[in-house]
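What follows is calculated from the coordinates using simple rules that are stated; it is not laboratory data. Keep in mind that this is a model prediction, so the values were computed, not measured. As a convention, Cβ positions derive from the backbone with ideal geometry for all residues, glycine included, and neighbour counts pool all protein chains shown.
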Amino acid sequence: MSIQLFMPTFHVEECLAEIRECLEKGWTGLGYKTVQFEEAWKAYTDLPHAHFINSATAGLHLAIKLLKETYHWEDGDEIISTPLTFVSTNHAIAYENMRVVFADVDKYLCLDPKDVKRKITNKTKAIMFVGMGGNTGHYKDIVKLCKDHGLQLILDASHMSGTRLEGRIVGREADVVIYSFQAVKNLPTADSGMICFMEEALDKKVRKYSWLGINKDTYARSKDEGAYKWKYDVEYLGYKYHGNSIMASLGLVQLKYLDQDNAYRRQLAKWYDEAFKYHKNLVGLIPVAKGCESSRHLYVIEVNNRDELLASLNKEDIYPGVHYRDNTEYTMYAYGKDTCPKAYHYSMRILSLPMHLRLTRKDIRHIANKVIQYASL
Ligand SMILES: *Cc1c(COP(=O)(O)O)cnc(C)c1O
């Protein structure tokens, strides 16, 4: 049987029961379950606000948009970001005509505060931090750097659902945190996400921006008395970015199991660690930062013969992935080429081993044995 990199596991009966409620009630859109899920997410994360949206990409865009407006950033102003990420992290910056300035990564594959500091100019407005694979890396140093330089901090927590640092969910230190609940993320729906602003005013505003700039959502309107339900105002040129009750139904169920699921992911990682313990000359491991209880979205290794190894594993019906290709290798971001040598180095040498809830200890041993067999010095 083939072993895939990712495979979402749903609590099917519970999900269907939740969705059934939507169908029977005749309410599948914005409101109802989306509100319930926002409340549940706030309770889980202890973040002050949460707005359910249709993807993390949409959330990242709104984060940049609203911060730009609030702090009067101008076109061409700079945001420092990582080249080792899914491209939507950086596209979100570019959507708003801001310039992505790439800083290098450290041994955690997260932004290296030393290089970030070197890349701050008088046009720098914010830092975009990605918790790679659920790792917090040098997050606290990035928080301090933002404080010292008066920069906003945006946390792309797409891999970080459930990640804790020193026992607490990460995020309060940032201006805004964005989560992805896309199908292969730790809290799978099909496509959705959450945007959590620390400022109440921005939370209020983002609810309008995600619904075309309309100043009342449909659910609130349906509860209005009188004949003037239709008479909302449109305050902004907003987008259709909000989430719906079907996705929220899946989220509500999966959230109940998030900590348990992540604990199993950490167990899988431990089994990989054990298997590679005596093969460190062949297989480089990416450390988890001190104090970080990682969501373990990924298990990344570093090898000398990555492309050959991937081909050999595919022949064995094992399908790892690569997270990520250095974004400055893409035409879009080629202006950043050669500015982040470590990110480039890693991007040529890393692969992500299968990491999902259907894998067993035996699977991990099998995968690890094949990696050891085909990795070369
Ligand atoms: C998946 C992912 C995104 C985009 O998430 P969507 O919900 O699919 O839009 C953004 N950033 C990172 C780091 C991701 O892994």
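Structure data summary
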item: Members of segment 33-54 found to be surrounded by 21 or more Cβ atoms within 10 Å (Cβ to Cβ) and among the hydroxyl-bearing types (S, T, Y), listed by number; result: T34, T45
item: Residues located in segment 68-93, provided they are surrounded by fewer than 24 Cβ atoms within 10 Å (Cβ to Cβ), more than 10 Å from the ligand (Cβ to nearest atom) and within 22 Å of I142 (Cα to Cα); result: K68, T70, Y71, W73, D77, E78
item: Test: residue in segment 6-20 that is within 16 Å of the ligand (Cβ to nearest atom) and assigned to a helix (DSSP H, G or I); result: no
item: Hits in segment 312-331 (condition: in contact (Cβ under 8 Å) with a residue 60 or more places away in the chain and either at negative phi or touching a helix residue (DSSP H, G or I) at 6+ places or on another chain (Cβ under 7 Å) (or both)); result: S312, L313, I318, Y319, P320, G321, H323, Y324, D326, N327, T328, Y330
item: Residue satisfying all of: in segment 71-118; of a type in the set (A, V, I, L, M, F, W, C) and assigned to a loop (DSSP other than H, G, I, E, B); nearest to G150 (Cα to Cα) among these; result: W73
item: Of the criteria (1) surrounded by 24 or more Cβ atoms within 10 Å (Cβ to Cβ); (2) touching a helix residue (DSSP H, G or I) at 6+ places or on another chain (Cβ under 7 Å), which one V100 fails; result: (1)
item: Residue list for segment 274-297, filter: in a loop (DSSP other than H, G, I, E, B) and surrounded by fewer than 17 Cβ atoms within 10 Å (Cβ to Cβ); result: K277, Y278, H279, K280, N281, P287, K290, G291
item: Residue selected from segment 119-149 under the condition part of a loop (DSSP other than H, G, I, E, B) and among the basic types (K, R), by the criterion farthest from T85 (Cα to Cα); result: K123
item: All positions within segment 332-367 that are free of Cβ contacts under 8 Å to residues at least 12 places away in the same chain and either within 23 Å of the chain's Cα centre (by Cα) or crowded, with 19+ Cβ neighbours inside 10 Å (or both); result: H345
item: Segment 152-179 residues that are on the phi > 0 side of the Ramachandran plot, paired with ones that are in a strand (DSSP E or B) and more than 16 Å from the ligand (Cβ to nearest atom) (beta carbon under 8 Å, 6 or more apart); result: G162/I169; G167/E293
item: Filter result (within 18 Å of P341 (Cβ to Cβ), without any contact (Cβ under 8 Å) to a residue 60 or more places away in the chain and among the basic types (K, R)) within segment 99-118; result: K114, K117, R118
